[in-house]
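Here's the structure, in structure tokens; my notes come after.
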């Protein structure tokens, strides 16, 4: 009985750790990530991001940068992902993107 309880607890811990999109601190280079670029004042309140029609989260929009992002970046697994960006109920970006290895992929918003 105790062994079964430990197995269930272990499974719950593993499942709760499995999240595909996570905000990361700035400057994390060993994980593939997305950053949303646009005029921040045009996107007051941020944007809603949907990845592969499953994961939905809120993101900040930041001005373009040359060397490293100065705001939040969002970790995503490598591979192909269908990304939809919504602002005030309007779809402003919808595209299939490919994430290859570590680094930050910029998504430019209109």
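The values are calculated or read from the model by the stated rules, or taken from the named source; none is laboratory data. In this text, all values refer to a predicted model and were calculated from it rather than measured experimentally. Quick reminder, even Gly has a Cβ in these numbers, built from the backbone with ideal geometry, and neighbours come from all protein chains shown.
From the list 23, 32, pick out the single residue that is surrounded by 11 or more Cβ atoms within 10 Å (Cβ to Cβ) and at pLDDT 80 or above.
On the way: 23 fails: at pLDDT 80 or above.
After ruling out the rest, the residue left standing is 32.
Among the residues of region 81-105, write down those that are on the phi < 0 side of the Ramachandran plot, in contact with a strand residue (DSSP E or B) (Cβ under 7 Å, 6 or more places away or on another chain) and exposed (fewer than 12 other Cβ atoms within 10 Å of the Cβ). Outline the logic, then answer.
Applying the first criterion (on the phi < 0 side of the Ramachandran plot) to region 81-105 yields 81-87, 90-100, 102, 104-105.
Next, only the ones that are in contact with a strand residue (DSSP E or B) (Cβ under 7 Å, 6 or more places away or on another chain) stay: 81-87, 91-99, 102, 104-105.
Of everything in region 81-105, those that are on the phi < 0 side of the Ramachandran plot, in contact with a strand residue (DSSP E or B) (Cβ under 7 Å, 6 or more places away or on another chain) and exposed (fewer than 12 other Cβ atoms within 10 Å of the Cβ) turn out to be 91, 94, 95, 96, 98.
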